[in-house]
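The values are calculated or read from the model by the stated rules, or taken from the named source; none is laboratory data. Remember, it's a predicted structure, so these values are computed and weren't measured experimentally. Cβ placement follows ideal geometry from the backbone for every residue including glycine, while neighbour counts extend to all protein chains displayed. Ligands, DNA and RNA are stripped out before the accessible areas are found, and what is left, the full protein with its side chains, is counted by its heavy atoms. Shrake-Rupley method; radii C 1.70, N 1.55, O 1.52, S 1.80 Å.
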Amino acid sequence: MKRIFLLLLGLLLLSGCQPQKHDSQTFAMDTIMQFTAYGPKGQQALAHASARVQELDQLFSVTRSTSEIYAVNHAQGEPVALSEDTARLLAQSLELCSQTGGALDITAYPAVRAWGFTTGDYQVPSADELLALAAQIDYSQVELTENQVRLPEGMELDFGAVAKGYTGEVLAQELRELGVESAILTLGGNVQTIGSRPGGDPWRIGVQDPEGDGYLMVLSLVDQAAVTSGGYQRFFDADGERYWHIMDPASAAPARSGLTSVTIVGDSGTQCDGLSTALFVLGWEDAAGFWREHQGFDAVLVDEDGRIAITAGLEDRYVLGPGYEDRTVEVIRP
Ligand code: ADP
Ligand code: MG
C-alpha cells in the first residue's frame, strides 16, 4: 500500500515537473505554420498567435485585393496611409535593402511575377524583358514618411523576403508578454524560439542539406530566430536549367551566386529573414564580407560544391547531422 502511494506520489511529482505542451497549426503567408508553447499560459497564447498571424497576412499579402500592400501597389503614384505593422516592417526592410546595397530589394515583385513565381505559371522572360524589369527595381524610390508611403507608378512592394521573419519576431515578443517562457514557432523555413526547451536545454534546429533530405548540421538556439533561404525551396526546370524564386535585383533573374543555401541566426527575425535572402544573392565572398563588416548575427553558408561555412559565433553551437559527420566546416572569422 505504502509502495503504491509512493509510486503515485512520484508520478504526480514527475508530471508536475513537465510543463504542459500546447500545439497549434495555421496556414498563412503561403505556408504551414506550426507553433508549440509550454506552460500554463500556452494555450491562450497560441490562440492569440494564430489570430495575429492571420491579421499580419491580411496586411502584407501581395495577391489579396483587400490587403494593405495591394492598396499601396495599386495607388498609381498616390500616397497611402499605413498601419503600424506595415509602416514598421517597411522602414526596417528599406534599411536592410540599403545595408545590403540592394541585394535585398522589396520592389523586385514585377520580376518575381514575370518568371511566374506568383502563379506557378513558370516562364523564362526574354533578355529585353529582363533589362526593362531590372531598370524598374529600385527600393530607393519608395517614399516613406512616418506612416505614409508613396510609390512611383508601376513599382510594386513585396514583403515575401521579410514577412515571415517579422511575424515570428512579433509573435515572440507578444507571447513573452503573455507569460510564455518556452516556445518554438515554425513559419515555413523560418524558426523562431522563445526561451529554451522546458528543462533549460537550448532548442535544436536542423539546417537542411540543399541537395538531399538530411540535416547538414544542427544548431543550438535560445531566444533567437534561424531563417534559411535556398534555391531548392521553390524552383522550376526549363531547357536543362534550374530557376528559383530568389532574384538578383540587378538582373531581374534568379540569383546565381554559387550558394545553394544561407541560414541566418540572430535576435531579430526580420533581420534574419532579410539577410538570408540578401546574402544568398551576394554569394560566398560578399556574404562573408558583409558579416565581417556588420556582425550582430551569425550565418551558415552552403555552396554548390558542398562547401560549408559558419561564422565564428556558431563554432560552439553546432553539430554535424547524421550522415554528414565527415564533412568539413570552414569558420569565417572577424
Ligand atoms: P522564402 O519566402 O522561401 O522563405 P525568402 O525569404 O528568401 O524565401 O524570400 C523569397 C521571396 O522574396 C520570393 O518569393 C519573392 O517574393 C521575394 N524576393 C525574391 N528575391 C528578392 C530579393 N532579391 N529581394 C527582396 N525580395 C525578393
Ligand atoms: Mg528572407
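Listing for the model above:
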quantity: One residue from Arg64, Arg52 being of a type in the set (Lys, Arg), touching a helix residue (DSSP H, G or I) at 6+ places or on another chain (Cβ under 7 Å) and in contact (Cβ under 8 Å) with a residue 40 or more places away in the chain; calculated: Arg52
quantity: Selection within region 69-85 - free of Cβ contacts under 8 Å to residues at least 60 places away in the same chain and within 16 Å of Glu143 (Cβ to Cβ); calculated: Ala71
quantity: Residue ranges of strands (runs of 3 or more DSSP E) in region 224-329 with at least 1 members of a type in the set (Val, Ile, Thr) and within 13 Å of ligand 1 (Cβ to nearest atom); calculated: 225-230, 259-266
quantity: Complete set of residues in region 22-74 that are in a strand (DSSP E or B) and either open to solvent by less than 10 Å² (accessible area, probe 1.4 Å) or of a type in the set (D, E, K, R) (or both); calculated: Asp23, Ala28, Met33, Phe35, Ala37
quantity: Among (1) surrounded by fewer than 23 Cβ atoms within 10 Å (Cβ to Cβ); (2) within 16 Å of ligand 2 (Cβ to nearest atom) - the single one Tyr166 does not satisfy; calculated: (1)
quantity: All positions within region 247-272 that are open to solvent by 10 Å² or more (accessible area, probe 1.4 Å) and in contact with a helix residue (DSSP H, G or I) (Cβ under 8 Å, 6 or more places away or on another chain); calculated: Met247, Asp248, Pro249, Ala250, Ser251, Ala253, Ser257, Gly258, Ser268, Gln271
quantity: Cβ pairs under 6 Å, 6+ apart, first in region 161-187 and under 19 Å from Met29 (Cβ atoms), second open to solvent by 10 Å² or more (accessible area, probe 1.4 Å) and away from ligand 2 (no atom under 16 Å from the Cβ); calculated: Ile184/Thr36; Ile184/Trp203; Thr186/Gln34
quantity: Every residue from region 91-117 that is crowded, with 23+ Cβ neighbours inside 10 Å, in a loop (DSSP other than H, G, I, E, B) and small (Gly, Ala, Ser); calculated: Ala103, Ala108
quantity: Hits in region 202-234 (condition: at pLDDT below 95, within 16 Å of ligand 2 (Cβ to nearest atom) and either open to solvent by 20 Å² or more (accessible area, probe 1.4 Å) or touching a Cys at 6+ places or on another chain (Cβ under 7 Å) (or both)); calculated: Tyr232, Gln233, Arg234
quantity: Verdict on Gln295 being within 16 Å of ligand 2 (Cβ to nearest atom), closer than 26 Å to Val170 by Cα and open to solvent by 20 Å² or more (accessible area, probe 1.4 Å); calculated: no
quantity: Criterion (over 19 Å from Gly179 (Cα atoms) and without any contact (Cβ under 8 Å) to a residue 40 or more places away in the chain) met by exactly one of Gln43, Gln25, Gln20; calculated: Gln25
